[in-house]
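*Asks:* Sharing a structure, written as structure tokens. Questions coming.
The values are calculated or read from the model by the stated rules, or taken from the named source; none is laboratory data. Please read these numbers as outputs of a predicted model, since none were measured by experiment. Ideal geometry is used to build each Cβ from the backbone, glycine not excepted, and the neighbour counts take in all protein chains shown. Surface areas here come from the heavy atoms of the whole protein model, side chains and all, with no ligands, DNA or RNA. Shrake-Rupley method; radii C 1.70, N 1.55, O 1.52, S 1.80 Å.
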Amino acid sequence: AVNSFFKYDLTTGNFKQYNLDTDNKYSPNNTIACMLEDTEGVVWIATLGSLLRFDPSTEKVEKIDQRDGLPSNQVNSIIEDIQGNLWVNTSGGLAKLNKNAPRDEWNFIGFDAKDGMQGSNSSSASWTGSDGIIVVGGSDGITTFYPGKINEVKPDIVLLDIKVSDVSLISDSSVVKLDKSIMETEELLLSYSENNLSFEFASIHFSRPEKNKLLFKLDGFNDRWIVADRNFATFTNLAPGEYTFSVKGSSGDGIWNDTGKSIRIIISPPLWKTWWAYGFYILLFAAGIFGIDRFMRNRLIRKERERSRAFKLEQSKKIEKAYNELKSTQSQLIQSEKMASLGELTAGIAHEIQNPLNFVNNFSEINKELLVEMKVEMNKGNLEEANSIVNDLIGNEEKINHHGKRADAIVKGMLQHSRTSSGSKEPTNINALADEYLRLAYHGLRAKDKSFNADFQTDFDPALPKINVIPQDIGRVLLNLINNAFYAVNERSKKN
């Protein structure tokens, strides 16, 4: 068939066609040369443009060509050996494939004229015997071989040299001193400036050595296996860190030495990139952040303190101003209160003053008459009568003096009560102050209520010394206490 094949269902008797050019995945020359169903039920299709793998369970077609390792894209025949390997006969030679290996590990091993095959094989004839022999036809005859007798000795993988910045560690030990040979060295410690590395290696196998293969990788840089074209690998500007260089290879018969050779490479970071340097940077950064934070906090605290101090100062000024105004108002209220109470006392006090003044006036008139009478008696020569009149005059003068002092005390009490307090303490006779305000209270109540009357007695300690007080303040206290006492007594007398 050309560009298509059919599947026949034995149960239904129906055919199903698969067109190889439906989605243009395959090359134009898809003429089918032959087909093979392997022991696992997978169908392999040989075309003149590629090898195709058809899985009946999924009905998917997979293309395999020179990019996957085939010697040529023209496939003439396919045969499976008794080990399950696939042998693909192409125009470029015979290729062996271990199809049971994972797909990403598929590897074709080629055999051509150098290995005893015919140079150009365009025949599709192939056959396998019961003993495992494979017969492949060609334009120049047939080729026979036993797959199990192909040399399966693994190659030796050797590390020939390591160069650091193009300086060989073998020829110049001043770069990195090796205690062992390169093959015995398992770890290489380098500085951060020694980060340009070259590795030279080889796969040693003397059966078809020209077909030996090598793969290498550098874990930590590139974890993918790379085909070595010239047994040489170079890595430049490697960052500080840990790497593992690995190399593995196969013989020309496709026998792999997967163990290969590995060497651990440690490139130390510079001093300023070590873990403790980063720790120091972190500490320094943290200290800087902490310092800035403390600076900003202290700055904010200072501003808050200044703002609080200014606010408190302003409040203190306002409080002081309010206190002074309140004190002035209080003084005015006290003075007003005293003047009001003085007004209430005026009528009673005036009455009390009038009494001693009446005595003074009366005794003055009597003394005047007694003096006239005494003059008459003296003119008569009546000295005894004159002496009697003199004695009366003396007694009257004493009464005038007594009532004059009484009026003086009342006036002084009024002046003391109305006077603004100086706020200064001074030696004060508490007995006299109490007696004075007792009488002021009594006269004040008498002025308010003519029906008020009370008897009171005083009992002062004459030995009581003067004490240092503010007379006006103590006087107001005594006046309030005595007024309350008079009021309470008067109210109780009314109930009785």
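*Asks:* Distance cut-off 19 Å, Cα to Cα: go down the list Lys154/Lys248; Lys16/Lys96; Lys327/Lys466 and report the pairs above it.
*Replies:* On the way: Lys154/Lys248 11 Å; Lys16/Lys96 31 Å; Lys327/Lys466 29 Å.
Cα-Cα > 19 Å for Lys16/Lys96; Lys327/Lys466; rest within.
*Asks:* A further question follows. Would you work out what percent of the accessible area of the range 213-279, with all protein chains in place, is carbon or sulfur (probe 1.4 Å)? Walk me through the numbers before you get to the answer.
*Replies:* On the way: 1970 of 3590 Å².
Reported share for carbon and sulfur atoms: 55 percent.
*Asks:* Probe radius 1.4 Å, ligands and nucleic acids left out: which of Lys99, Lys303, Lys448 has the largest accessible area, and how do the rest follow? Numbers along the way, then the final one.
*Replies:* Working: Lys99 20, Lys303 95, Lys448 130 Å².
From most accessible down to least: Lys448, Lys303, Lys99.
*Asks:* Please arrange Trp275, Trp44, Trp256, Trp127 by accessible surface area, largest first, computed with a 1.4 Å probe and ligands excluded.
*Replies:* Values: Trp275 210, Trp44 5, Trp256 55, Trp127 145 Å².
Sorted by accessible area, descending: Trp275, Trp127, Trp256, Trp44.
*Asks:* If each residue of separation counts as 0.36 nm, what is the full-extension length gain between Ile470 and Thr458 once their alpha-carbon separation is subtracted?
*Replies:* On the way: separation 12, 0.36 × 12 = 4.32 nm, distance 2.24 nm.
Using 0.36 nm per residue and subtracting the Cα-Cα distance, I get 2.1 nm.
*Asks:* Any chance you could look up the accessible area of Phe311 with a 1.4 Å probe, heavy atoms only, rounded to 10 Å²?
*Replies:* It works out to around 120 Å².
*Asks:* Also, quick follow-up: Taking 26 Å as the cut-off for C-alpha to C-alpha distance, list the pairs among Lys60/Lys213; Lys180/Lys211; Lys405/Lys494; Lys99/Lys211 that go past it. Intermediate values should be presented prior to the final figure.
*Replies:* Numbers: Lys60/Lys213 32 Å; Lys180/Lys211 31 Å; Lys405/Lys494 35 Å; Lys99/Lys211 21 Å.
Too far apart for the 26 Å limit: Lys60/Lys213; Lys180/Lys211; Lys405/Lys494.
*Asks:* For Ser193 and Ala287, FRET efficiency with R0 = 41 Å and r from the beta-carbon atoms, rounded to 0.05?
*Replies:* Details: r = 31 Å, r/R0 = 0.75.
The formula returns an efficiency of 0.85 here.
*Asks:* For Met183 and Thr244, calculate 0.36 nm times their separation in residues minus their Cα-Cα distance, and state this gained length in nm to one decimal.
*Replies:* Details: separation 61, 0.36 × 61 = 21.96 nm, distance 1.43 nm.
Between Met183 and Thr244, full extension yields 20.5 nm more.
*Asks:* Give me the one-decimal nm value for the distance between modelled label points at Lys99 and Lys7, 7 Å along each residue's Cα-to-Cβ direction.
*Replies:* Here the answer is 1.5 nm between the modelled labels.
*Asks:* From largest accessible area down, sort Glu80, Glu369, Glu59; use a 1.4 Å probe on the protein chains.
*Replies:* Working: Glu80 25, Glu369 120, Glu59 70 Å².
Sorted by accessible area, descending: Glu369, Glu59, Glu80.
*Asks:* Give the cross-link partners of Lys495 among the lysines, using a straight C-alpha distance below 22 Å as the criterion and excluding same-chain residues fewer than 8 apart.
*Replies:* Reachable lysines: Lys448, Lys450.
*Asks:* Roughly how many Å² of Tyr8 are accessible to a 1.4 Å probe, to the nearest 10?
*Replies:* 110 Å²
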